[in-house]
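Colleague: Pasting a structure here, questions to come.
The values are calculated or read from the model by the stated rules, or taken from the named source; none is laboratory data. All values reported here derive from a predicted model rather than from experimental measurement. Please note: Cβ atoms are built from the backbone with ideal geometry, for glycine as well, and neighbour counts cover all protein chains shown. Note: areas computed on protein heavy atoms with side chains; ligands, DNA, RNA excluded. Shrake-Rupley method; radii C 1.70, N 1.55, O 1.52, S 1.80 Å.
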Amino acid sequence: MMRYPFLDLRTVNEPLMAELTAAATRVIESGRYVGGPECEALEADLCRVAGTSHAVGVSNGLDALRLIFKAYIELGRLAPGDEVLVPANTYIASVLAVTDAGLTPVFVDASARTLNMDTDLIERSITPRTRAILTVHLYGRPCYDEAMIEAARRHGLLIVEDNAQAIGATVFDGRPTGGLGDAAAFSFYPTKNVGALGDAGAVTTDDGALADAVRALANYGSERRYENIYCGYNCRLDPIQAAFLRVKLPHLAEENERRRALARVYDTEISNPRVVKPEFTAGSVWHQYTLLIEDRDRFRAYLGECGVGTDVNYPTPPHLQPCYRRYAHLHLPVAEQLSRSVVCLPVSACTTPADAREIAAIINRFN
Ligand SMILES: *Cc1c(COP(=O)(O)O)cnc(C)c1O
């Protein structure tokens with residue numbers, strides 16, 4: 001194993017082993033293996049985290065996004081073929097949810113400063129068919145500002161948040177991500193800031209009709225047993241994951257503060273002129289700490305030799321993936337450049353501030 005591992009999930013969960021085991025035992029002994037009180041309690045906790053009146057636990061983050069778009073279609077708020085603005089620099093799941101619902105993604109290039117959707121490009125990306133913006137708070141940094149709010153208001157667009165990487169992040173007015181727009185998707189994939197011990201996700205919203213539609217769609221399209229109002233799916237939250245998440249969620253603020261402290265060390269100590277550090281945004285929860293460097297492969301090999309684990313989020317933007325050949329002609333220069341130069345440093349619970357100082361010193365010796 002690396003001296004400074006990028007991420008080791010066993011180490012992350014080690015301090016909570018006894019509580020996680022007790023949570024699993026509680027579910028096993030309850031006899032309630034689908035839905036039930038563990039799921040309901042987690043949903044109540046998530047309403048508090050997002051500041052929303054509804055939360056619906058679901059199977060994973062991709063399903064959370066898919067169910068939001070499908071629910072809007074069932075409710076007549078969106079129709080197949082409608083255009084949804086999506087950031088060009090994102091994880092593929094954001095885009096898969098749009099296309100899976102029969103909607104048309106319109107890629108908005110990234111800002112070289114925030115690495116998120118360049119909100120100055122929103123207005124010119126809007127056509128008469130545009131109905132929604134899917135904003136992704138990538139790397140834990142919120143993507144929500146006046147330009148986005150104003151464009152959504154002027155054109156009557158829905159704002160859907162992909163909050164998979166930013167649970168607990170806050171924006172300019174102090175509000176948390178997950179409660180900013182019309183609906184939000186959360187992922188509790190094990191590597192996220194709050195990770196389950198398997199797959200899990202959630203939808204948050206203040207819209208009761210949307211929450212009901214998402215819950216029904218995730219349960220075969222049914223609200224009442226053996227009555228199917230939609231052609232639905234089985235995308236329910238597993239109660240054993242809900243029980244694990246109820247152990248993890250109380251540590252959210254502490255976890256995000258720990259990440260902020262590591263990011264602060266990197267920000268103050270890394271001084272190598274060959275690397276570009278991320279903007280030190282207030283409110284970011286640093287799901288990833290991203291550097292940009294021209295010579296990425298040699299840099300990563302050097303760090304690996306020095307015992308520093310790194311990752312690349314992401315080496316290929318969605319529009320250049322084989323499954324999206326139909327978008328391969330698009331020219332999204334900032335996202336394409338980011339995919340060639342981005343590298344993620346360790347910010348997990350495996351890394352201490354002293355480790356981060358040592359990693360910064362190693363980076364400063366690279367030439
Ligand atoms: C992880 C992630 C998802 C998908 O979540 P899963 O739970 O893995 O399905 C979606 N969007 C972003 C930005 C993610 O990081």
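Colleague: With the checklist (1) closer than 30 Å to Val334 by Cα; (2) in a helix (DSSP H, G or I) in hand, flag the one item Leu16 doesn't pass.
Modeller: For Leu16, the failing item is (1).
Colleague: Cβ-Cβ below 6 Å, separation at least six or inter-chain, first residue in segment 76-87 and modelled with pLDDT of 95 or more and surrounded by fewer than 19 Cβ atoms within 10 Å (Cβ to Cβ), second in a loop (DSSP other than H, G, I, E, B) and small (Gly, Ala, Ser): which pairs?
Modeller: Pairs found: Pro80/Gly102.
Colleague: So, Ala64, is that one part of a loop (DSSP other than H, G, I, E, B) and either open to solvent by 40 Å² or more (accessible area, probe 1.4 Å) or within 30 Å of Arg124 (Cβ to Cβ) (or both) or not?
Modeller: no
Colleague: Sticking with this structure for a sec: So, Val285, is that one in a loop (DSSP other than H, G, I, E, B), buried (at least 19 other Cβ atoms within 10 Å of the Cβ) and either aliphatic (A, V, I, L, M) or on the phi < 0 side of the Ramachandran plot (or both) or not?
Modeller: It is true that Val285 is in a loop (DSSP other than H, G, I, E, B), buried (at least 19 other Cβ atoms within 10 Å of the Cβ) and either aliphatic (A, V, I, L, M) or on the phi < 0 side of the Ramachandran plot (or both).
Colleague: Check Ala112, Ala93, Ala132 and return the single one that is away from the ligand (no atom under 13 Å from the Cβ) and open to solvent by 10 Å² or more (accessible area, probe 1.4 Å).
Modeller: The match here is Ala112.
Colleague: Hey, does segment 223-238 have a residue that's open to solvent by less than 10 Å² (accessible area, probe 1.4 Å), within 17 Å of Leu65 (Cβ to Cβ), among the hydrophobic types (A, V, I, L, M, F, W, C) and assigned to a helix (DSSP H, G or I)?
Modeller: no
Colleague: Within segment 269-277, does at least one residue satisfy the condition of being open to solvent by 20 Å² or more (accessible area, probe 1.4 Å), modelled with pLDDT of 95 or more and part of a helix (DSSP H, G or I)?
Modeller: So far as segment 269-277 goes, yes, one or more of its residues are open to solvent by 20 Å² or more (accessible area, probe 1.4 Å), modelled with pLDDT of 95 or more and part of a helix (DSSP H, G or I).
Colleague: Report, by residue number, each residue of segment 178-202 that is of a type outside the set (Gly, Ala, Ser) and either away from the ligand (no atom under 12 Å from the Cβ) or without any contact (Cβ under 8 Å) to a residue 60 or more places away in the chain (or both).
Modeller: Leu180, Asp182, Leu197
Colleague: Scan segment 1-14 for residues that are free of Cβ contacts under 8 Å to residues at least 60 places away in the same chain and either of a type outside the set (Lys, Arg) or more than 30 Å from Ala301 (Cα to Cα) (or both) and jot them down.
Modeller: Passing the criteria: Met1, Glu14.
Colleague: Taking the condition of being away from the ligand (no atom under 16 Å from the Cβ), within 30 Å of Glu29 (Cβ to Cβ) and modelled with pLDDT of 95 or more, how many residues in segment 224-239 meet it?
Modeller: 1
Colleague: If you don't mind, there's one more thing I want to ask. Could you list, in sequence order, all residues of segment 33-58 that are surrounded by fewer than 14 Cβ atoms within 10 Å (Cβ to Cβ), in contact with an Asp or Glu (Cβ under 9 Å, 6 or more places away or on another chain) and not aromatic (Phe, Trp, Tyr)?
Modeller: Val34, Ser53
Colleague: Can Val171 be described as within 16 Å of the ligand (Cβ to nearest atom) and open to solvent by less than 20 Å² (accessible area, probe 1.4 Å)?
Modeller: no
Colleague: Restricted to segment 203-222, and to residues that are open to solvent by 50 Å² or more (accessible area, probe 1.4 Å) and of a type in the set (D, E, K, R), which residue is nearest to the ligand (Cβ to nearest atom)?
Modeller: Among those that are open to solvent by 50 Å² or more (accessible area, probe 1.4 Å) and of a type in the set (D, E, K, R), it is Arg215.
Colleague: Which of the residues belonging to segment 135-163 are away from the ligand (no atom under 16 Å from the Cβ) and open to solvent by less than 30 Å² (accessible area, probe 1.4 Å)?
Modeller: Met148, Ala151, Ala152, Leu157, Leu158
Colleague: I'd like the full set of residues that are more than 16 Å from the ligand (Cβ to nearest atom), within 17 Å of Ile167 (Cα to Cα) and not acidic (Asp, Glu), limited to segment 30-49.
Modeller: Ala44, Cys47, Arg48, Val49
Colleague: Could you check segment 115-129 and list, in sequence order, the residues that are open to solvent by 40 Å² or more (accessible area, probe 1.4 Å) and either basic (Lys, Arg) or touching a Pro at 6+ places or on another chain (Cβ under 9 Å) (or both)?
Modeller: Across segment 115-129, the qualifying residues are Arg124, Arg129.
Colleague: Within segment 221-245, track down each residue that is within 13 Å of Gly35 (Cβ to Cβ) and hydroxyl-bearing (Ser, Thr, Tyr).
Modeller: Ser222
Colleague: Just give me the residues in segment 307-331 being more than 14 Å from Ser94 (Cβ to Cβ) and hydrophobic (A, V, I, L, M, F, W, C), in sequence order.
Modeller: Of everything in segment 307-331, those that are more than 14 Å from Ser94 (Cβ to Cβ) and hydrophobic (A, V, I, L, M, F, W, C) turn out to be Val308, Val312, Leu320, Ala328, Leu330.
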